[in-house]
Every structure is written in structure tokens, then in C-alpha cells.
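Working notes, beginning with the structure itself.
The values are calculated or read from the model by the stated rules, or taken from the named source; none is laboratory data. Keep in mind it's a predicted model, so treat the numbers as computed, not measured. Because the Cβ atoms are built from the backbone with ideal geometry, glycine has one as well, and the counts that use them run over all protein chains shown.
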């Protein structure tokens, strides 16, 4: 299974204008989102937890499967645009303090495959006000294509609790690190795989999946570049969000058996 391609057009094409009067009260938010989707012919299950609004849309043609490869289906652009328009409309017209939303897409003809979109509402509002260009707005969007085999994802279990900003940043940074390291290292390594990111007790932990070209592993120059590039990406993203609720960042490089711990203040030179 390959990861889904970038969906910038679908993610960014649904930014409606907000209004001053809350049309969708906090107490009825999940039900209202379900109703708005239904008005556009979209059946969904919805959930609102603290500051996170979530919806699961199952639609034939949303995803596709060829042999062992799962990707986007012929109807994905249509269904994702409808879902994004609905969730933006509801969130931008409510008195609830919604900070994140989750859209989960599945396809009855491709059982076990799910595409997840997670966005931060501050990012959505900035994009709506032209404070973020398309590339940066898309980079701040979590897109995840997963295959769970015979298991079925239930929205209540999939989104068990409110999403926290530090979690969102760890997911976003893991994907940014993979992309940036692939660009910067080029042919000096065999490849850069999916990187991991998590936040625990004031520490961001990022696992850098850099695969060396030969049996000798990564040389000193490449090691230095990996840590330098990664530190720069992390420093710039955390600064752009003005996020200060952490003590340090740990960069783990399994291929070299090394890790680098950078205290919060140590990231400043990389900005």
C-alpha cells in the first residue's frame, strides 16, 4: 500500500466566509454537522469532544484498490470537497471553541482502507485570510492513508479524546521531516522512509527513518546534515505556532544508533 498523494486542491478549495451570528450552537454541533452533510447527500457519523469535531464519511468511489496498492478513488475530489465545505461552514458559524477537526473517509468497495484529514482551525482561518500560502497551508494538514485489514474503525474509538496542539505538531513535523530530508539528502542515501513523531512529558521525540546506501552506514557529513536539517524544520514550525510548552527535542536516528537531544533554547540558531 502506498501513501495517498498530496491533496492540496481538495483540502484548500473549501474555505467559506464566516458570519457573526452563531448558526450552529455548541450543544448541537455534531448533529448539525451530520444534518448539513445529509443536505448535500453525504451520510456520515459525527462526534464533538471538547475542542475537536470529527466526521466519518463512507462513500463508494472515495478510495480505490489495484492489486496491493490503495489510493484515491474517482469520486474522492467530489466527496472530500462536500465534506470540507460542510465542516468549515459549521465550525466557522458556531459559538463552540473548535480547535481541530478530523475527517475520516472510507469506501465500502475498499474495506479496511481509511484516509484521515486533520486540520487546526487557526490554520484554516489564516488560510482564509490569505495569511498562509497554499504550500504552507497544505504542509500544516495531516493526511494519512491507512489499511487496517479486516478491522473496522469506529469513530468513537478512532477519535477517543480531544486533540492537543502538541500532538498535532508532532504528527505534522514527522511528515515535514520526511519530505525535507528526502529533498536535502537526495542521492547521498538510499532513501528516507516514514518518520515518527510523538510528545511525552515536555519532550518531542522524532524518529528519523534515513536508510543508508551502503553497508558502511551513514558517514559523519551525512549525519551532521540529517540533524541540522531536522533541527531547522522543527525550530521553524514550533516558532511559527509560537509553541513554548516543551522542554526539549529528541532526534532518534536508528540507522546510526544515535540520538540528539536539543533543549528548547538550543533550537534558536536553526531558525
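Can you list residue pairs whose Cβ atoms sit under 8 Å apart, with the first residue in region 207-220 being free of Cβ contacts under 8 Å to residues at least 40 places away in the same chain and the second being surrounded by 12 or more Cβ atoms within 10 Å (Cβ to Cβ) and assigned to a strand (DSSP E or B)? Count only pairs 6 or more apart in sequence or on different chains.
218/210; 218/253
Anything in region 87-122 that is part of a strand (DSSP E or B), in contact (Cβ under 8 Å) with a residue 60 or more places away in the chain and closer than 17 Å to residue 162 by Cα? List them, or say none.
Selection gives 100, 102, 117, 119.
Can you tell me which of 214, 150 is in the same structural domain as residue 257 (by TED's automatic domain parsing), part of a loop (DSSP other than H, G, I, E, B) and surrounded by fewer than 19 Cβ atoms within 10 Å (Cβ to Cβ)?
214
In region 202-239, which residues are at pLDDT 95 or above and on the phi > 0 side of the Ramachandran plot?
202
Determine whether region 49-72 contains at least one residue that is surrounded by fewer than 18 Cβ atoms within 10 Å (Cβ to Cβ), assigned to a strand (DSSP E or B), touching a residue at least 24 places away in the same chain (Cβ under 8 Å) and within 19 Å of the chain's Cα centre (by Cα).
Scanning region 49-72, I find at least one residue that is surrounded by fewer than 18 Cβ atoms within 10 Å (Cβ to Cβ), assigned to a strand (DSSP E or B), touching a residue at least 24 places away in the same chain (Cβ under 8 Å) and within 19 Å of the chain's Cα centre (by Cα), so the answer is yes.
So which residues in region 156-175 are within 17 Å of the chain's Cα centre (by Cα), touching a residue at least 40 places away in the same chain (Cβ under 8 Å) and within 24 Å of residue 63 (Cα to Cα), if there are any at all?
158, 159, 171, 172
In the set 262, 252, which member is over 30 Å from residue 145 (Cβ atoms), crowded, with 17+ Cβ neighbours inside 10 Å and in contact with a strand residue (DSSP E or B) (Cβ under 6 Å, 6 or more places away or on another chain)?
Testing whether each residue is over 30 Å from residue 145 (Cβ atoms), crowded, with 17+ Cβ neighbours inside 10 Å and in contact with a strand residue (DSSP E or B) (Cβ under 6 Å, 6 or more places away or on another chain) leaves just 262.
Could you check residue 182 against (1) in the same structural domain as residue 111 (by TED's automatic domain parsing); (2) part of a helix (DSSP H, G or I); (3) in contact with a strand residue (DSSP E or B) (Cβ under 6 Å, 6 or more places away or on another chain) and say which number it fails?
(1)
Tell me which of these residue 141 doesn't satisfy, since it passes every other one: (1) under 25 Å from residue 62 (Cα atoms); (2) surrounded by fewer than 16 Cβ atoms within 10 Å (Cβ to Cβ).
The single condition residue 141 does not satisfy is (2).
Listed here are the residues, each with its yes/no results for (1) out of contact with any helix residue (DSSP H, G or I) (no Cβ under 9 Å at 6 or more places or on another chain); (2) outside the structural domain of residue 254 (by TED's automatic domain parsing); (3) crowded, with 18+ Cβ neighbours inside 10 Å; (4) within 30 Å of residue 249 (Cβ to Cβ).
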| site | (1), (2), (3), (4) |
| --- | --- |
| 82 | no, yes, yes, no |
| 88 | no, yes, yes, no |
| 124 | no, yes, yes, yes |
| 137 | no, yes, yes, yes |
| 145 | yes, yes, yes, yes |
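Looking at region 73-83 only, could you name the residues that are assigned to a helix (DSSP H, G or I) and farther than 19 Å from residue 40 by Cα?
none
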